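Take a look at the structure set out below.
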Amino acid sequence: LLAGIYHLVRETTYATGVLYLSKTGAVPELALSKGTTYHLFLSHVWSSAQDQVAVIKRQLQLCLPGVRVFLDVDDLKDINALESYIHQSAVVLIFLSKNYFCSRNCLREAYATAKKEK
């Protein structure tokens, strides 16, 4: 997953198409387990990574129709529920950039990620 995300961000200047399974030619089925709302939670600091994680989310949605990616500007309803959003996510990607560890909310997200072993 991480290698795929790296490739998507690096290749944003090219048209991105839907990904298909090489064995079957089908689009991957993106099932979520019970209690999971998001496939991926994007943890980042606004001041230095907002644009980059927006690209990651957009590219994943183009490549994997139906993928559910949590991005605060799109999905955050209650800042006090950050830990709950982590709990509802299958995977957390921590986008490390300048001042990530200076952000109280980023630290909350990182701590919740470690605590839930995501």
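The values are calculated or read from the model by the stated rules, or taken from the named source; none is laboratory data. It should be emphasised that the depicted structure is a prediction, and the values quoted were computed from it without experimental measurement. We place every Cβ from the backbone using ideal geometry, glycine too, and count neighbours over all the protein chains shown. Surface areas here come from the heavy atoms of the whole protein model, side chains and all, with no ligands, DNA or RNA. Shrake-Rupley method; radii C 1.70, N 1.55, O 1.52, S 1.80 Å.
Any idea what % of Cα-Cα pairs in the chain are farther than 24 Å? Cα-Cα pairs in the chain separated by more than 24 Å: 26 percent. Amide H contacts of Arg68 (H built 1.01 Å from N, in plane; Pro and chain starts excluded): His39, Leu40 sit under 5 Å, all sequence-distant by 5 or more or on other chains. The apolar share of the surface of the chain, taken as the fraction of accessible area on carbon and sulfur atoms (1.4 Å probe, ligands and nucleic acids excluded), comes to 57 percent.
At a probe radius of 1.4 angstrom, the accessible area of the chain per residue rounds to 63 square angstrom. Partner lysines whose Cα lies under 21 Å from the Cα of Lys118, excluding those fewer than 8 positions away in the same chain, are identified as Lys34, Lys57.
Take the Cα of Leu76, step 7 Å toward its Cβ, do the same at Leu62, and the gap between the two points is 2.5 nm. Would you mind checking the tilt of helix 46-63 against the longest principal axis of the Cα atoms of the chain, expressed as 0 to 90 degrees and rounded to 10? Computed tilt is about 30 degrees. Given their separation in residues at 0.36 nm each and the Cα-Cα distance between them, Ser33 and Tyr111 gain 25.8 nm when the chain is fully extended.
Work through the residues other than Ala81 whose Cβ is under 13 Å from its Cβ and net out their charges, Lys, Arg +1 and Asp, Glu -1. Provide the component values of the computation, followed by the final result.
Working: positive: Lys77, Arg108; negative: Asp72, Asp75, Asp78, Glu83, Glu109.
Residues close to Ala81 contribute a combined charge of -3.
Applying a DSSP loop filter and a limit of 12 other Cβ atoms within 10 Å to the chymotrypsin sites (Phe, Trp or Tyr not before Pro) in the stretch 10-118 leaves Tyr14, Tyr20.
Please give me the summed charge of the neighbours of Phe101: other residues whose Cβ is under 13 Å from its Cβ, Lys and Arg +1, Asp and Glu -1.
On the way: positive: Lys98, Arg104, Arg108; negative: Glu109.
Neighbour charge sum, excluding Phe101 itself: +2.
Here's the picture: charge each Lys and Arg Cβ at +1 and each Asp and Glu Cβ at -1 in the chain, and of Ser48, Leu62, Leu32 the one pushed furthest to the positive end of that dipole is Leu32.
Taken about its Cα centre, the chain carries a charge dipole of roughly 200 debye when the Cβ of each Lys and Arg holds +1 and the Cβ of each Asp and Glu holds -1. Helix 104-115 and the long axis of the chain differ in direction by around 70°, with both axes built from C-alpha atoms. Rolling a 1.4 Å probe across all protein chains gives Lys118 an accessible area of roughly 80 Å².
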